[in-house]
Amino acid sequence: MIKLKDCPKFANHLSTIGETSIDSSNGENISMIISSIPAVDFDAVKEEYAKELHLSTMPASNDALLEDGQGNLV
(Lines give C-alpha, C1' and ligand atoms only; values in the text may rest on other atoms or scores of the structure.)
Protein backbone atom coordinates (compact mmCIF):
# COMPACT_ATOMS: atom_id res chain seq x y z
CA MET A 1 0.00 0.00 0.00
CA ILE A 2 1.28 3.47 -0.87
CA LYS A 3 2.00 5.77 2.06
CA LEU A 4 2.49 9.46 1.29
CA LYS A 5 4.60 9.93 4.41
CA ASP A 6 7.16 7.44 3.00
CA CYS A 7 8.07 9.83 0.16
CA PRO A 8 10.29 12.61 1.58
CA LYS A 9 9.03 15.28 -0.84
CA PHE A 10 5.45 14.52 0.18
CA ALA A 11 6.20 14.03 3.89
CA ASN A 12 7.71 17.52 4.04
CA HIS A 13 4.42 19.04 2.91
CA LEU A 14 1.73 17.19 4.88
CA SER A 15 -1.39 19.23 5.53
CA THR A 16 -5.17 18.78 5.39
CA ILE A 17 -7.66 19.05 2.54
CA GLY A 18 -9.14 22.12 4.23
CA GLU A 19 -5.79 23.89 4.44
CA THR A 20 -4.84 23.03 0.85
CA SER A 21 -8.14 24.35 -0.50
CA ILE A 22 -7.65 27.89 0.83
CA ASP A 23 -8.15 30.54 -1.84
CA SER A 24 -6.42 33.84 -1.16
CA SER A 25 -6.81 35.38 -4.61
CA ASN A 26 -9.05 38.21 -3.36
CA GLY A 27 -6.89 39.02 -0.33
CA GLU A 28 -8.92 36.87 2.06
CA ASN A 29 -8.13 33.30 3.08
CA ILE A 30 -11.29 31.38 2.24
CA SER A 31 -11.30 27.59 2.45
CA MET A 32 -13.24 25.83 -0.30
CA ILE A 33 -13.93 22.91 2.06
CA ILE A 34 -13.84 22.41 5.81
CA SER A 35 -12.02 19.13 6.38
CA SER A 36 -9.23 17.71 8.49
CA ILE A 37 -8.59 14.78 6.13
CA PRO A 38 -4.79 14.41 5.86
CA ALA A 39 -3.31 15.34 2.49
CA VAL A 40 -0.17 16.59 0.80
CA ASP A 41 -0.02 20.27 -0.11
CA PHE A 42 0.81 19.56 -3.75
CA ASP A 43 1.25 23.26 -4.55
CA ALA A 44 4.14 23.27 -2.06
CA VAL A 45 5.62 20.12 -3.66
CA LYS A 46 5.38 21.80 -7.06
CA GLU A 47 7.14 24.90 -5.76
CA GLU A 48 9.96 22.76 -4.31
CA TYR A 49 10.45 20.96 -7.65
CA ALA A 50 10.31 24.22 -9.61
CA LYS A 51 12.94 25.77 -7.33
CA GLU A 52 15.24 22.75 -7.69
CA LEU A 53 14.88 22.86 -11.49
CA HIS A 54 15.34 26.67 -11.63
CA LEU A 55 12.13 27.07 -13.64
CA SER A 56 11.36 30.60 -14.76
CA THR A 57 7.62 29.90 -14.99
CA MET A 58 5.71 28.18 -12.21
CA PRO A 59 3.72 25.23 -13.60
CA ALA A 60 0.09 24.65 -12.64
CA SER A 61 -0.77 21.84 -10.25
CA ASN A 62 -3.49 20.28 -8.18
CA ASP A 63 -3.97 21.69 -4.69
CA ALA A 64 -3.71 18.38 -2.86
CA LEU A 65 -2.89 14.69 -3.06
CA LEU A 66 -4.35 12.18 -0.62
CA GLU A 67 -4.60 8.46 0.07
CA ASP A 68 -8.11 7.03 -0.09
CA GLY A 69 -7.41 4.30 2.50
CA GLN A 70 -7.33 1.60 -0.17
CA GLY A 71 -3.86 2.33 -1.54
CA ASN A 72 -5.02 4.77 -4.20
CA LEU A 73 -3.74 8.31 -4.55
CA VAL A 74 -6.40 10.87 -5.45
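The values are calculated or read from the model by the stated rules, or taken from the named source; none is laboratory data. Just so it is clear, the model here is predicted, and its values are computed rather than measured. Don't worry about glycine lacking a Cβ; one is built from the backbone with ideal geometry, like all the others, and counts go over all protein chains shown. Please note that ligands, DNA and RNA were not included when accessible areas were found on the heavy atoms of the full protein model with its side chains. Shrake-Rupley method; radii C 1.70, N 1.55, O 1.52, S 1.80 Å.
Any residue in region 10-22 that is touching a helix residue (DSSP H, G or I) at 6+ places or on another chain (Cβ under 9 Å), outside any loop (DSSP other than H, G, I, E, B) and acidic (Asp, Glu)?
The answer is no, given that none of the residues of region 10-22 is touching a helix residue (DSSP H, G or I) at 6+ places or on another chain (Cβ under 9 Å), outside any loop (DSSP other than H, G, I, E, B) and acidic (Asp, Glu).
Can you pull out the residues in region 39-57 that are farther than 23 Å from Lys3 by Cα and either open to solvent by 80 Å² or more (accessible area, probe 1.4 Å) or in contact (Cβ under 8 Å) with a residue 60 or more places away in the chain (or both)?
Result: Lys51, Glu52, Leu53, His54, Leu55, Ser56, Thr57.
Among (1) in contact with a Ser or Thr (Cβ under 7 Å, 6 or more places away or on another chain); (2) outside any helix (DSSP H, G or I); (3) surrounded by 13 or more Cβ atoms within 10 Å (Cβ to Cβ), where does Ser36 come up short?
(3)
Can you tell me which residue in region 17-33 is nearest to Cys7 (Cα to Cα), limited to those that are touching a Ser or Thr at 6+ places or on another chain (Cβ under 8 Å) and touching a residue at least 12 places away in the same chain (Cβ under 8 Å)?
The residue in question is Ile17.
How many of the residues making up region 23-33 are of a type in the set (A, V, I, L, M, F, W, C) and not in a strand (DSSP E or B)?
Here the count works out to 2.
Could you tell me how many of the residues in region 58-72 are farther than 14 Å from Thr20 by Cβ and either open to solvent by 70 Å² or more (accessible area, probe 1.4 Å) or in contact with an Asp or Glu (Cβ under 7 Å, 6 or more places away or on another chain) (or both)?
4
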